[in-house]
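Undergrad: Let me give you the structure first, and then I'll get to my questions.
Since every read-out is calculated from the coordinates, none of them should be taken as a lab result. The structure displayed is predicted, hence computed values, not measured ones. As a convention, Cβ positions derive from the backbone with ideal geometry for all residues, glycine included, and neighbour counts pool all protein chains shown.
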Amino acid sequence: MKLIYPDFLWALSCISIPIIIHLFNFRKFKKVFFTNVRFLKEVKEETQSKSRIKHLLVLLCRIAALAMLVLAFAQPYIPMGKSGMVSDKNKIISVYIDNSFSMDARSNSDNLIEDAKRKAKEIAGIAKQSDRFQLLSNDFEGHHQRIISRDEFLQKIDEIKSSASVKSVSEVLSRQQEALFSPEAGEGEKISYLISDFQKSNTDILAIKSDSALQVHFIPLSPQKRNNLYIDSVWFDSPIVQQNIAQICHVKMVNDADQDIENQAVKLVINGIQKGLASISIKGRQSAESAISFTITETGWQSGEISITDYPVVFDDRYFFSFEVAKNLQVLSMNGEGESSNLNALFGKDAYFSFQNIPLGRIDYSSFSQFQLIILNEIPNISSGLAQELQKFVSNGGSILVFPSAKTDLNSYNSFLHALGANGLGALISSDDKISGLEFDHEIFRDVFEKEKLKKENMDLPLIKKHFAMESAGPNTREVLLSLQSGQAFLTKYESGKGKVYLFAVPLQIDYSNFARHAVFVPILYKMALLSKKTYPLSYALGKNEVIEYDQTTSGEKVFHLKREKSNFDIIPEHRVDNNGGKTILYLHDRILHAGPYSLTNGSAPLAIFSFNYNRKESALACYTIEEIEADIKKSGKLKMDALDLQGKEFKQAIMQISEGIRLWKWCILLALLFLAAEIALIRFWKK
């Protein structure tokens, strides 16, 4: 038991008053004459003994009544919260209501978000009129950082709606502390309530950095059922989709339920037209994949959607994606020893490629940004200026293909390659060799060869007469795509910045190898060119404050708009122009709230389509139990945190006990009255 006002205990000194009265109670006696004094002594002794007991009992009742009255003013209580303290100070209370999509699940009486709002109102209902509040949801809007009155708090609770935003528990508590300990909050007892279903995907109690002056209460809510079927992700077989060429769309789905699902229909729609239909069966608590084939007959940006039917959690039953089918691909060949007939035959006669040859002395560095692939065709020396521009090109997402020259200046080449994070070239090896190893699983060779057939038939591969040695010890990004029988690398690939570097060990001359005339030459270089095309993510996740890099800039009075025609949505995103990379970086700042395709424009015609999906963190409905929350709190060592088990309890009464403890002052007054009644009874009825 503890006291709210322990200073009142000084009033216990008043107990001395009845004691003094009892000790110094001088009475006047009158004489009574007896005719017979035979038993006078015996009667006198008996009367004095009874009087002494009576006075002592009356004294004890008075002392007890005064003591109970003093204790009533001192406000005794039995603490129930972990803080063990109840203060008479005004309180500053922060209440977090989880308004993520998982809170749309049904509880026993309503959906969880409505239950959370009712409980927030009950918390305000037991507070004093002078207490102040902060209301917080996953949206983290500016007004959520304000400290408001109780009446305003109750009003704003009704304004909370379901949101695509998802925040972890540690982020929420950090935000609460910013408001509660700001100068605006002022002095007062700081209390935090977190009302949520506490999904395992975003409940990180061990990561919380709480202030010792803040009392934190977790209030878990539980849905009736934790079943959900959702689309987790979508991807294509190839990152490049070409016109009139079949493509495979892969769909990963998760069954977050104990029951198996049989023959679930999965529908593919592109540009509003159904392109495919598949069915999928998934065992309980497992995932499965489905593949749907489709063909695009038009170039330009395409908007797609994968959909299923599932209830009651429906926000994750649609997955939006968008991609571009390019009209052509820009390839530049910088030639040191003249144009290559092999490259001209491959890229110059294919309408899909816009191929350009430039002699070494006529290079325009400013044009690099318009190309996706630059081929260094037997350039003998790489100047520092050219090396710098090529590094910039690769770091911004471009691809470089290097065929060294017979007259290669190894110093300039290696300086350039090392700056890109690639291995350098060594001395020329003038001995016959043969390509023997292909990295069949790499994306360049995917769907090019029938791997099992090649193993059986022992395919004839290019012959090498002489080649440059390649440094073996190199960065972790090195991939050997073609290797020689001697163990040397013939073709290596490196990731550099956002781009790629492909390095061959030979020029294209017949004096070095027959690679340029071999059957593998065409598919290898063709796939290199295709994979050099700049691609955007198929979709972006809402609530992650995504940044979009767009490969164009705008000038003059034109600005970028992000629009969704169906909902009349139109914003001007913050953007930064990178003139060196020839691109624009768009900052969305979580201004997009609804899933779907959005058009990027800087005029009337759309430039690109970007798709957004709700965060799939909310799709996994597994939640922490109160025992697991308490175990994590104990593990974290945070003494001023607790989890409230409200099952079978009256919420308001439980919160009052946590906030105020079990108040005993009423019992003290009742006992004081009982002791006074006992005193009156002793005085009045003792003689009888």
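Undergrad: How far, in nm, would the chain grow between Leu674 and Lys200 when pulled straight, counting 0.36 nm per residue and subtracting the alpha carbon separation?
TA: 165.2 nm
Undergrad: Sticking with this one: What is the Cα centroid distance between the range 258-272 and the range 562-616, reported in whole angstrom?
TA: 29 Å
Undergrad: Translational diffusion coefficient of the range 284-438 at 37 °C, 0.692 mPa s, Stokes-Einstein with Kirkwood Rh over Cα pairs, in µm²/s as a whole number.
TA: 168 µm²/s
Undergrad: Write down the percent of antiparallel bridges among all DSSP beta bridges whose residues are both part of the chain, to the nearest 5.
TA: On the way: 84 of 130 bridges.
Bridges in the chain are about 65 percent antiparallel.
Undergrad: Oh, and also: Just grab the label-to-label distance for Tyr365 and Ser604, each label 7 Å out from Cα along the Cβ direction, in nm (one decimal).
TA: 4.0 nm
Undergrad: Shifting gears a bit: Please go through the residue pairs Lys167/Lys190; Lys267/Lys558; Lys161/Lys652; Lys167/Lys534; Lys91/Lys617 and name each one whose alpha carbons sit more than 30 Å apart in this structure.
TA: Pairs exceeding 30 Å: Lys267/Lys558; Lys167/Lys534; Lys91/Lys617.
Undergrad: Can I ask one more? Take every Cα-Cα pair in the range 228-326 and report what % of them are more than 15 Å apart.
TA: Beyond 15 Å sits 59 percent of the P(r) for the range 228-326.
Undergrad: Using only alpha-carbon positions, what ratio does the radius of gyration of the range 329-531 give when scaled by 2.2 N^0.38 Å?
TA: Working: Rg = 16.0 Å, N = 203, 2.2 N^0.38 = 16.6 Å.
Normalised Rg, Cα atoms only: 0.96.
Undergrad: Same structure, new question: For the pair Lys252 and Asp409, what calculated FRET efficiency results from E = 1/(1 + (r/R0)^6), where r is the Cβ-Cβ distance and R0 = 30 Å, to the nearest 0.05?
TA: 0.05
Undergrad: Let me ask you something else. For the range 540-613, what D do you get in µm² per second when you plug the Kirkwood radius from alpha-carbon pairs into Stokes-Einstein at 4 °C and 1.567 mPa s?
TA: 103 µm²/s
Undergrad: Still on this structure, please answer the following. Given 0.36 nm per residue, what is the gain on full extension from Asp511 to Ala622 after removing their alpha carbon distance, in nm?
TA: 33.4 nm
Undergrad: Between Phe569 and Arg118, take the C-beta separation as r, use R0 = 45 Å, and let me know the FRET efficiency to the nearest 0.05.
TA: So the FRET efficiency works out to roughly 0.90.
Undergrad: Go ahead and run the numbers for FRET between Ser182 and Leu9, Cβ-Cβ distance against an R0 of 45 Å, rounding to 0.05.
TA: About 0.75, to the nearest 0.05.
Undergrad: Any idea how far apart Asp151 and Gln286 come out in nm if each label point goes 7 Å out from Cα toward Cβ?
TA: 6.1 nm
Undergrad: Using 7 Å Cα-to-Cβ label points, what is the Asp158/His22 separation (nm, one decimal)?
TA: 6.1 nm
Undergrad: Continuing with this model, one more query. Would you compute, for the Cα atoms of the range 389-445, the largest minus smallest coordinate along each principal axis and list the three values in descending order, in whole Å?
TA: 36, 32, 15
Undergrad: Could you tell me how many degrees, from 0 to 90 and to the nearest 10, lie between the Cα long axis of helix 665-685 and the main elongation axis, the longest principal axis, of the Cα atoms of the chain?
TA: So the helix axis and the longest Cα principal axis differ by about 10 degrees.
Undergrad: Continuing with the same structure: Towards the positive end of the charge dipole of the range 341-463, with charges on Cβ (+1 Lys, Arg; -1 Asp, Glu), say which of Ser405, Leu346, Gly385 has the farthest Cα.
TA: Gly385
Undergrad: Moving on. Going through the range 280-374, which GluC sites (Glu not before Pro) have at most 15 other Cβ atoms within 10 Å and a DSSP loop state?
TA: Filter output for the range 280-374: Glu298, Glu339.
Undergrad: Remind me, relative contact order of the chain in percent, using alpha carbon pairs under 8 angstrom and six or more residues apart?
TA: So the answer I get is 16 percent.
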